[in-house]
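Asks: There's a structure below that I have some questions on.
The values are calculated or read from the model by the stated rules, or taken from the named source; none is laboratory data. The structure presented is a predicted model; accordingly, all values stated were derived computationally and were not measured. In this analysis, Cβ positions are derived from the backbone assuming ideal geometry, glycine residues included, and neighbour counts consider all displayed protein chains.
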Amino acid sequence: MDNQLKIYNSLTRIKEVFEPLNPPLVGLYVCGPTVYNDAHLGNVRSAICFDVVLRYLTFLGYKVRYVRNITDVGHLLDDADEGEDKIAKRARLEKLEPMEIVQKYTLGYHQVMALYNNIPPSIEPRATGHIIEQIEMVERIIANGYGYEVNGSVYFDVLKYNEDHPYGQLSGRKTDELLSNTRTGLAGQSDKKSPLDFAIWKKADKGHILRWNSPWGEGFPGWHLECSVMSTKYLGLTFDIHGGGMDLQFPHHECEIAQSVAADGENPVRYWMHNNMLTVNGTKMSKSLGNSFLPHELVAGDHELLEKGYSPMTTRFFMLQGHYSSPLDFSNDALQAAEKGYQRLMNTCKVLNEMTYDGDDNSYDSAQTAELDKLLDEAIGHMNDDFNTPRCIASLFDLSKKINSYSDKKLDINDLNSQSFNRLKETYLKLVFEVLGLKDETDGGGDNQEMVNGLMDLILEIRKSSREKKDWNTSDQIRNVLKTLDIAVKDGAEGSKWTVGS
Ligand code: ZN
């Protein structure tokens, strides 16, 4: 096989990269949660980053098979080969069956994902549902000479692998440097030929609850193995995109590459994408520092660092204002700015939705039409450049200024040709709702939106007739009450329009 691993750490020129694929099916695998505690904002950021990848590729016309796993066994407390299983420990603390823990926190994770409007994956495989395939992969790794059994556990032979294939390419690490940095004398490492080796199958000690029969006795799979097995089972031995948090790049993803190459001789992934971390006021968000808040605390404003609550769509918008590969800093100021920005974007969408065109394709302003098309091209161009959502949003705000000028009659929408008008309306709304995955929370969303629109029509109708009767008390009262609800009314030649927020 080709020893030269081709590894890309980011995706650029997305259209050019995927255009040759035929049929245009893109395989996307993302490392999902270990379901032993509540979903945190790091989970939310990772999910939103790859939700936008899924949404944008779908927008471009690709069919995407999106696989995101649920880790329900094998993830040990120190993220390596030692310590208690995270799920088993939680089960002991909560006095529940491990599978009750898994069910409880999987449901919680799904609720949080839905709250932030993430599309569910096409397949959501669980590690415990793929034990047989994991045992088979261990057998292939041993058969090819890259794994060895000691006392009921099987380890991956990193140095042997490194003789034949480069280990550490994804993270830029070298085995000799890794070896010199290794702590020695850790319990359990005596079974390994080298401290760099990692368990692909672990013998279950007497008290270990999660255990299965295997050719090496009762045990359970190593954490890195499940992703290698489940990604290639559903997406093929080589697939397009593998995503996950930056903290998974080493060793988790490095081990995935090694396992696939050792077992099947194929480099599994064409493009690796890693989302960056969250910080709070410039410090890494972490439970132990007391500066991490859960999604429901963020919504309710229920944390000493939060001045108020921030809605899920404000948070989604805020997260998209950072590039997925950059760190993102939470602060009240940044969230409040995001709240205003999100509101402005929603108002533009509402204005655009109601805008009608009555122009003439035989006489239109070609300069204005060209300018608008250029702005739309730019918005899409930024998404083509490694899913650059912050720049795409900046382009949407440039377009927003134009749209508001049309709405305020500073510019005449009928100066465009019908094609440009239709493109503006369709593309703008698609970018906001389908690609960025924002929802209009201000209208109550979904079914309520129609009701709110109906009620507002009625209220504005009553206000209009009171003004016609010169009943200023009633019309002022309506306007003032709406103002306290943060609803602004603008009177114009075509009647009154309302918007939420200033
Ligand atoms: Zn994984």
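Asks: From Lys350, Lys340, grab the single residue that is surrounded by fewer than 22 Cβ atoms within 10 Å (Cβ to Cβ), in contact with a strand residue (DSSP E or B) (Cβ under 7 Å, 6 or more places away or on another chain) and under 24 Å from His382 (Cβ atoms).
Replies: On the way: Lys340 fails: in contact with a strand residue (DSSP E or B) (Cβ under 7 Å, 6 or more places away or on another chain).
The match here is Lys350.
Asks: Can you name the residue in region 20-46 that is part of a helix (DSSP H, G or I) and either away from the ligand (no atom under 16 Å from the Cβ) or in contact with a Lys or Arg (Cβ under 8 Å, 6 or more places away or on another chain) (or both) and, of all such residues, is nearest to Ser331 (Cα to Cα)? Don't jump to the end; show me each part of the working.
Replies: Going residue by residue through region 20-46, those that are part of a helix (DSSP H, G or I) are 41-46.
Imposing the further condition that a residue be either away from the ligand (no atom under 16 Å from the Cβ) or in contact with a Lys or Arg (Cβ under 8 Å, 6 or more places away or on another chain) (or both) reduces the set to 41, 44-45.
On the way: Leu41: 14, Val44: 17, Arg45: 15 Å.
Result: Leu41.
Asks: Counting just the residues of region 54-67 that are away from the ligand (no atom under 16 Å from the Cβ) and among the hydrophobic types (A, V, I, L, M, F, W, C), which one comes out farthest from the chain's Cα centre (by Cα)?
Replies: Step one: of region 54-67, the residues away from the ligand (no atom under 16 Å from the Cβ) are 54-65.
Checking which are among the hydrophobic types (A, V, I, L, M, F, W, C) leaves us with 54, 57, 59-60, 64.
Details: Leu54: 9, Leu57: 14, Phe59: 16, Leu60: 18, Val64: 15 Å.
The extreme case among them is Leu60.
Asks: For region 219-253, what are the residues that are more than 10 Å from the ligand (Cβ to nearest atom) and closer than 24 Å to Glu84 by Cβ?
Replies: To start, the set of residues in region 219-253 that are more than 10 Å from the ligand (Cβ to nearest atom) comprises 219-222, 229, 232-241, 246-247, 249-251.
Correct list: Gly219, Phe220, Pro221, Gly222, Val229, Asp247, Phe250, Pro251.
Asks: List the residue pairs whose Cβ atoms are under 9 Å apart, where the first residue sits in region 276-290 and is farther than 19 Å from Phe50 by Cα, the second is assigned to a strand (DSSP E or B) and among the hydroxyl-bearing types (Ser, Thr, Tyr), and the two are 6 or more positions apart or on different chains.
Replies: Note: pairs meeting the criteria are Met285/Thr279; Leu289/Thr283.
Asks: Quick test for you: out of Ile141, Ile209, pick the one residue that is away from the ligand (no atom under 16 Å from the Cβ) and in contact with a Gly (Cβ under 6 Å, 6 or more places away or on another chain). Working first, answer last.
Replies: Numbers: Ile209 fails: in contact with a Gly (Cβ under 6 Å, 6 or more places away or on another chain).
Testing whether each residue is away from the ligand (no atom under 16 Å from the Cβ) and in contact with a Gly (Cβ under 6 Å, 6 or more places away or on another chain) leaves just Ile141.
Asks: For Trp472, work out the one condition from (1) of a type in the set (Phe, Trp, Tyr); (2) out of contact with any Cys (no Cβ under 8 Å at 6 or more places or on another chain); (3) under 29 Å from Glu371 (Cα atoms) it doesn't fulfil.
Replies: So Trp472 meets the others, but not (3).
Asks: Restricting attention to region 51-87, which residues are closer than 21 Å to Val154 by Cα and in a helix (DSSP H, G or I)?
Replies: Our first condition is that a residue be closer than 21 Å to Val154 by Cα; within region 51-87, this holds for 71-86.
Hit for region 51-87 is Lys86, nothing else.
Asks: Looking only at residues in region 264-278 that are among the hydrophobic types (A, V, I, L, M, F, W, C) and within 16 Å of the ligand (Cβ to nearest atom), which one is surrounded by the fewest Cβ atoms within 10 Å (Cβ to Cβ)?
Replies: Of region 264-278, the ones among the hydrophobic types (A, V, I, L, M, F, W, C) are 269, 272-273, 277-278.
From what's left, within 16 Å of the ligand (Cβ to nearest atom): 269, 272-273.
On the way: Val269: 27, Trp272: 20, Met273: 23.
The qualifying residue surrounded by the fewest Cβ atoms within 10 Å (Cβ to Cβ) is Trp272.
Asks: Which residues, taken from region 204-224, are touching a residue at least 60 places away in the same chain (Cβ under 8 Å) and closer than 18 Å to Arg126 by Cα?
Replies: Scanning region 204-224 gives Ile209, Leu210, Trp212, Gly219, Phe220, Pro221, Gly222, Trp223.
Asks: Name the single residue, out of those in region 68-77 being crowded, with 23+ Cβ neighbours inside 10 Å and either away from the ligand (no atom under 16 Å from the Cβ) or touching a residue at least 60 places away in the same chain (Cβ under 8 Å) (or both), that is farthest from Arg92 (Cα to Cα).
Replies: Asn69
Asks: Right, something else. Where residues in region 134-186 are assigned to a strand (DSSP E or B) and of a type in the set (Phe, Trp, Tyr), which of them is surrounded by the most Cβ atoms within 10 Å (Cβ to Cβ)?
Replies: Step one: filter region 134-186 for residues assigned to a strand (DSSP E or B), giving 147-150, 153-156.
Keeping just the survivors that are of a type in the set (Phe, Trp, Tyr) gives 148, 155-156.
Working: Tyr148: 17, Tyr155: 24, Phe156: 27.
Per the criteria, the residue is Phe156.
Asks: A follow-up question, please. Give all pairs with beta carbons closer than 9 Å in which a residue from region 343-362 that is part of a helix (DSSP H, G or I) meets a residue that is of a type in the set (Phe, Trp, Tyr) and modelled with pLDDT under 95; count only pairs at least 6 apart in sequence or on separate chains.
Replies: Lys350/Trp498
Asks: Since Glu426 meets every condition but one in (1) free of Cβ contacts under 8 Å to residues at least 12 places away in the same chain; (2) surrounded by 14 or more Cβ atoms within 10 Å (Cβ to Cβ), which condition does it not meet?
Replies: (2)
Asks: Could I ask something else about it? Quick one: is Ser194 at pLDDT below 95, more than 20 Å from Glu266 (Cα to Cα) and not in a helix (DSSP H, G or I)? Before the answer, list the steps.
Replies: Working: at pLDDT below 95: yes; more than 20 Å from Glu266 (Cα to Cα): yes; not in a helix (DSSP H, G or I): yes.
For Ser194, the condition - at pLDDT below 95, more than 20 Å from Glu266 (Cα to Cα) and not in a helix (DSSP H, G or I) - is met.
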